[in-house]
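The values are calculated or read from the model by the stated rules, or taken from the named source; none is laboratory data. Just so you know, these numbers come straight off a predicted model, no measurement behind them. Note: ideal-geometry Cβ built from the backbone for every residue, glycine included; neighbour counts use all protein chains shown. Accessible surface areas use protein heavy atoms only, side chains included; no ligands, DNA or RNA. Shrake-Rupley method; radii C 1.70, N 1.55, O 1.52, S 1.80 Å.
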Amino acid sequence: MSANGAVAAVDLGATSGRVIVGHVGPDTLEAASVARFPNEPVQTSDGLHWNILGLYGAAVNGLREAFRSEPGIRSIGVDSWAVDYGLLRDGRLLGEPFHYRDARTGRGVAHVHERMPHAELYARNGLQFLPFNSVYQYAAEPADVLAFADTALLVPDLIGFWLTGVARAELTNASTTGLLANGAWDLELADALSVPRGILPPLIAPGERLGALSAAVARSIGASGDVGVTAVGSHDTASAVLAVPMKPDAAAYISCGTWGLVGVEVARPVLTPESLAANFTNEGGVDGRTRLLHNIMGLWVLSEAVRTWERSGHPIDLPTLLDSAEEVTGEVPVFDVNDPRFLPPGDMPARIDAWCDEHGIRPPRTRAEYARSIVESLAQAFADAAHEAGRIGGVDVRTIHIVGGGALNELLCQRTADRAGLPVLAGPVEATALGNILVQARAAGFVTGSLEALRDLVTRTHAPRRYEPRA
C-alpha cells in the first residue's frame with residue numbers, strides 16, 4: 001500500500017454540483033470542497049432540460065481550482081443522478097438532455113408497456129417502475145432523432161467523454177436505464193423497444209481507467225498529461241452506498257437528498273413476485289453488488305414547498321423552519337410522499353392540501369405544520385421501506401444508516417428512528433463524494449481491499465451520529 005495521495009471528484013446533484021479534492025491513505029480519508037455551483041433546469045418551448053453545457057463549464061472551472069490547490073491530483077471521477085442522457089452524432093451533442101421531471105415521459109410509458117408489460121420488463125431488468133426510467137425516455141424520443149444519433153451517454157458518461165474523448169457507459173448508472181441485464185446490454189430488449197443498438201456504448205466498471213485527459217482539457221485546468229478519468233460508481237447513489245459505514249447483512253441505508261433511496265445491499269438481483277409487487281428496484285453497485293432499494297420522493301417535497309413560499313414573498317430560513325416544526329405538538333397529516341402529484345415542480349403546500357382533502361384529513365395550517373407533516377411523512381415512508389427491503393432481500397435489519405444531506409436533518413433522523421423502532425446512524429453527509437474518492441484511491445493504490453475495508457476506513461474517519469428510537 002502506497003502513501004497518501006490526492007484525487008478529484010466531480011459530484012453533480014439535482015440542485016447543485018461540486019468539485020471536491022480528496023486525500024486518501026490507510027488511515028486518511030479527507031474531502032475538501034473547492035467549488036460549488038447551482039444546477040438549475042431550463043424550461044424551453046419543447047420541455048424541461050438540464051443546462052449540461054453550463055454544468056460542464058462549471059465543473060471545468062472547479063477542476064482548475066482543484067489543481068491549483070493540489071497539483072498532485074492523480075485522477076478525476078465523475079458522478080451524477082441517473083437515467084438522463086445526451087444524444088450525440090459524430091461526437092456532437094444533438095441537444096440539451098431532457099430533465100427526468102419533464103412531462104414527456106408519460107407517452108413513453110404507454111409506448112413501452114404496449115410492447116412489453118412492466119412485469120415482463122421487471123423479469124429482465126429488475127427495475128422499479130418509475131415513469132422517467134431511460135427506457136421510457138427513449139420511447140418518448142422521435143424515431144428519426146434516435147435513428148440520427150450514434151451514441152447515447154448518461155450525464156456522468158457525457159462529462160467523462162468531454163474530458164477524455166472516450167465514450168463509455170459506466171455499469172452502475174447503466175443499470176438504471178432498464179436496458180442492462182446480467183452486466184451486459186440486453187440487445188434483444190433494445191430491439192423489442194426500438195432502441196437502436198448502436199447508441200449503446202461499451203461498458204466500463206468502477207475502478208477502470210476511462211482515459212487520459214485530452215490535451216486541451218489538461219492545459220485548461222493545469223493538469224499534467226498523465227492525469228486521467230477513472231470510472232467510479234457514477235450513479236451518485238452507488239457512490240453513496242459504498243461510503244455507508246454499515247455491515248450489509250444487518251443494516252438498511254437511506255441515501256437522502258432530493259430523493260430518498262432506501263434499501264439493502266445484496267449479492268445478486270432479487271426478482272421475486274414480492275419485490276415486483278413492492279416496486280423495489282435492483283441497481284448495480286460497486287464491485288458487482290446489487291442495491292435493492294425503493295425510490296422515495298425525498299427532501300424534494302420540502303425544498304419545493306420552501307420555494308413556493310419564497311416565490312410568494314416569504315423568505316424562509318430552513319433551520320428556523322425545522323426548529324419550529326419540531327415544536328409542533330398537535331397531530332399533523334402523514335401523507336403518501338410517493339403520490340405522483342408530488343413529482344413535478346410546483347406548489348407543494350397546495351398539493352398536500354389536495355391530498356388531505358381527498359382522504360378526509362385536516363390539512364396543515366401553518367408553515368411549521370407543513371414542514372412537520374412532510375418530515376413525518378418521509379420518516380414513515382423511510383421506516384416502512386427499510387423494513388420491507390430487509391424482508392424482501394433477506395437482510396436482518398437492525399440498524400438504519402442515513403447518509404447525504406438528510407443526515408443533517410435532526411428531526412428527520414430522530415423521527416425515522418422512532419417510526420422504524422430501530423437506531424439510526426446519521427452520516428457521513430458527503431457520502432457520495434467519499435465513495436467517488438475511494439474508488440479512485442483504490443484504483444491508484446492509495447488504499448486496498450474490499451468494500452468492507454473501504455467502509456471500515458469511513459467508520460474510522462467519519463463517525464456517524466446515533467439516534468435511538470423513542471417510545
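Compute the Rg/Rh shape ratio of segment 155-219: radius of gyration over Kirkwood radius, all on alpha-carbon atoms. Write out the running numbers ahead of the final one.
Numbers: Rg = 13.3 Å, Rh = 12.8 Å.
Dividing the radius of gyration by the Kirkwood radius yields 1.04.
For Arg209, put the label point 7 Å out on the Cα→Cβ axis and report which residues of segment 430-462 keep their amide N under 11 Å from it.
Counting only backbone N, you get 444.
In whole Å, what three semi-axes, largest first, describe the equivalent ellipsoid of segment 81-141 built from its Cα gyration tensor (square root of 5 times each eigenvalue)? Write out the running numbers ahead of the final one.
On the way: eigenvalues 101, 29, 25 Å².
Its equivalent ellipsoid spans semi-axes of 22, 12, 11 Å.
I need the semi-axes of the equivalent ellipsoid of segment 91-247: take the C-alpha gyration tensor, multiply each eigenvalue by 5, square-root it, list largest first in whole angstrom.
Calculated on Cα positions only, the semi-axes equal 29, 20, 14 Å.
Net charge around Arg124, counting only other residues with Cβ within less than 12 Å of its Cβ (Lys, Arg = +1; Asp, Glu = -1)? Intermediate values should be presented prior to the final figure.
On the way: positive: none; negative: Glu120, Asp186, Glu188.
Here the charged neighbours net out to -3.
Once every Cα of segment 37-181 carries one equal point scatterer and solvent is ignored, give the base-10 log of I(q)/I(0) from the Debye formula at q = 0.21 Å⁻¹, two decimals.
For segment 37-181, the Cα-only Debye profile gives -1.41.
At a Förster radius of 25 Å, what calculated FRET efficiency corresponds to the Cβ-Cβ distance of Glu331 and Arg398, to the nearest 0.05? Don't jump to the answer; show the numbers that get you there.
Values: r = 30 Å, r/R0 = 1.21.
It comes out at approximately 0.25.
Where the convex hull is taken over the Cα atoms of segment 8-112, what is its projected area averaged over directions, in nm²? Numbers along the way, then the final one.
Values: hull surface 36.2 nm².
The orientation-averaged projected area of the Cα hull of segment 8-112 comes to 9.0 nm².
Ignoring everything except DSSP H segments at least 4 long, calculate the 222 nm mean residue ellipticity for the chain; use -39,500 (n - 2.57) per segment, divide by total residues, nearest 500.
On the way: 18 runs with 184 residues, N = 471.
Using -39500 (n - 2.57) per qualifying helix, the result is -11500 deg cm²/dmol.
What is the distance in Å between the Cα centres of segment 241-312 and segment 351-376?
Measuring centre to centre over Cα atoms gives 24 Å.
If you line up the Cα atoms of segment 25-68 on their principal axes, what length do they span on each, largest first, in Å?
Extents along the principal axes: 52, 21, 12 Å.
What Kirkwood radius, in Å to one decimal, follows from the Cα pairs of segment 182-237? Let's see the in-between values first.
On the way: mean 1/r = 0.0717 Å⁻¹.
Taking the inverse mean of 1/r over all distinct Cα pairs, segment 182-237 comes out at 13.9 Å.
Hey, any idea what % of segment 99-190's accessible area is carbon plus sulfur with a 1.4 Å probe? Walk me through the intermediate numbers first.
Values: 1770 of 3130 Å².
After summing per-atom areas, the C and S share lands at 56 percent.
How large is the Kirkwood hydrodynamic radius of the chain, in angstrom, based on all distinct alpha carbon pairs? If you can, show how the numbers build up before the last one.
Working: mean 1/r = 0.0443 Å⁻¹.
Computed over Cα pairs of the chain, the Kirkwood hydrodynamic radius comes out at 22.6 Å.
With the crude spin-label approximation of a point 7 Å out along Cα→Cβ, what separation in nm comes out for Thr448 versus Ala192?
4.5 nm
Mind pulling up the Rg/Rh value for segment 273-369? Radius of gyration and Kirkwood radius, both on Cα. Write down the numbers at each step before the final one.
On the way: Rg = 16.8 Å, Rh = 15.7 Å.
Result for segment 273-369 is an Rg/Rh of 1.07.
State the answer as a single residue: which of Ala325, Val264, Ala3 lies farthest towards the positive end of the charge dipole of the chain, with beta carbon charges of +1 for Lys and Arg and -1 for Asp and Glu, about the Cα centre.
Ala3
May I ask for the percentage of alpha-carbon pairs in segment 5-53 that lie more than 14 Å from each other? Present the calculation step by step, with values, prior to reporting the outcome.
Numbers: 695 of 1176 pairs.
Everything past 14 Å amounts to 59 percent.
Would you report the distance distribution of C-alpha pairs in segment 188-271 as whole percents per 10 angstrom bin, up to the bin with the largest distance?
Per 10 Å bin, starting at zero, the Cα-Cα P(r) for segment 188-271 comes out as 13, 26, 31, 24, 6 percent.
Of all alpha-carbon pairs in segment 340-471, indicate the percentage at a distance above 17 angstrom. Please report the intermediate quantities before stating the final value.
Numbers: 5901 of 8646 pairs.
Tail of P(r) above 17 Å: 68 percent of Cα pairs.
How large is Rg/Rh for segment 114-158, to two decimals, with Cα atoms and a Kirkwood Rh?
Result for segment 114-158 is an Rg/Rh of 1.01.
Tally Lys and Arg at +1 and Asp and Glu at -1 over the other residues with C-beta under 13 Å from the C-beta of Thr151: what net charge comes out? Please list the in-between numbers first.
On the way: positive: Arg89, Arg92, Arg168, Arg197; negative: Asp90, Asp150, Asp157.
Spelling it out: positives minus negatives among the neighbours equals +1.
Protein chains only, probe 1.4 Å: how do Arg470, Arg89, Arg68 rank by accessible area, largest first? Each step should come with its number before you reach the end.
Values: Arg470 135, Arg89 90, Arg68 155 Å².
Ranked list, largest accessible area first: Arg68, Arg470, Arg89.
I want the local charge near Gly404. Using Cβ-Cβ distances under 10 Å, sum +1 for each Lys or Arg and -1 for each Asp or Glu among the other residues. Present the calculation step by step, with values, prior to reporting the outcome.
Working: positive: none; negative: Asp236, Glu430.
For residues surrounding Gly404, the net value is -2.
Express in % the proportion of alpha carbon pairs of segment 215-312 at distances exceeding 18 Å. Numbers along the way, then the final one.
Numbers: 2858 of 4753 pairs.
Counting pairs separated by more than 18 Å, the tail of P(r) holds 60 percent.
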